[in-house]
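*Asks:* One structure follows; several queries about it will come next.
The values are calculated or read from the model by the stated rules, or taken from the named source; none is laboratory data. Here the structure is a predicted model, which is why all the values come from computation and not from measurement. Cβ: placed from backbone, ideal geometry, glycine included. Neighbour counts: every protein chain shown.
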Amino acid sequence: LCASLELLQRGARASLDECLEMELALGRNVVNRHPDFREGVRSVLVDKGSTPSWSPATIEAVDPAAIKALFEA
């Protein structure tokens with residue numbers, strides 16, 4: 001949710017090419033670096049519907065620096 005908001009805010013002042021590059025970098029970083037991607041796959045595909053254990057557990061606990069790091073190429 002926080003990454004989506006950051007993407008929308010950055011995209012509002014970027015060109016189409018910049019937006020596509022930004023989305024590609026974000027997608028790669030989420031899949032390769034963020035533990036919630038693996039946790040979501042595990043809970044939906046492996047354990048078939050178990051409740052995921054998100055990290056951090058609440059939106060209030062999200063570190064803005066961690067979100068910004070997801071946008072680095």
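*Asks:* Name the residue, out of D36, D17, that is modelled with pLDDT under 95 and assigned to a helix (DSSP H, G or I). Show your work before the answer.
*Replies:* Numbers: D17 fails: modelled with pLDDT under 95.
Every option except D36 fails the conditions.
*Asks:* Scanning for something in contact (Cβ under 8 Å) with a residue 12 or more places away in the chain, part of a loop (DSSP other than H, G, I, E, B) and of a type in the set (S, T, Y), does region 48-63 turn up at least one residue?
*Replies:* yes
*Asks:* Just name the residue that is farthest from D63 (Cα to Cα) out of those in region 1-19 that are among the aliphatic types (A, V, I, L, M) and surrounded by 12 or more Cβ atoms within 10 Å (Cβ to Cβ).
*Replies:* Filtering region 1-19 for residues that are among the aliphatic types (A, V, I, L, M) and surrounded by 12 or more Cβ atoms within 10 Å (Cβ to Cβ), the one farthest from D63 (Cα to Cα) comes out as A14.
*Asks:* Would you be able to tell me the number of residues in region 1-37 that are under 25 Å from P52 (Cβ atoms) and of a type in the set (S, T, Y)?
*Replies:* Counting residues in region 1-37 that are under 25 Å from P52 (Cβ atoms) and of a type in the set (S, T, Y) gives 1.
*Asks:* Another question about this same structure. Being in a loop (DSSP other than H, G, I, E, B) and either closer than 11 Å to F71 by Cβ or modelled with pLDDT of 95 or more (or both) is the filter here; which residues of region 1-14 pass it? Reasoning before the result, please.
*Replies:* The initial filter retains those residues of region 1-14 that are in a loop (DSSP other than H, G, I, E, B), namely 1, 12-14.
A12, R13, A14 - these are the residues of region 1-14 that are in a loop (DSSP other than H, G, I, E, B) and either closer than 11 Å to F71 by Cβ or modelled with pLDDT of 95 or more (or both).
*Asks:* Among the numbered criteria (1) loosely packed, with under 10 Cβ neighbours inside 10 Å; (2) not in a loop (DSSP other than H, G, I, E, B), which single criterion is violated by E72?
*Replies:* Checking E72 against (1) loosely packed, with under 10 Cβ neighbours inside 10 Å; (2) not in a loop (DSSP other than H, G, I, E, B), the one that fails is (2).
*Asks:* Sort out which residues of region 21-56 are surrounded by 12 or more Cβ atoms within 10 Å (Cβ to Cβ), within 15 Å of the chain's Cα centre (by Cα) and aliphatic (A, V, I, L, M), and write them in order of number.
*Replies:* M22, A25, L26, V30, V41
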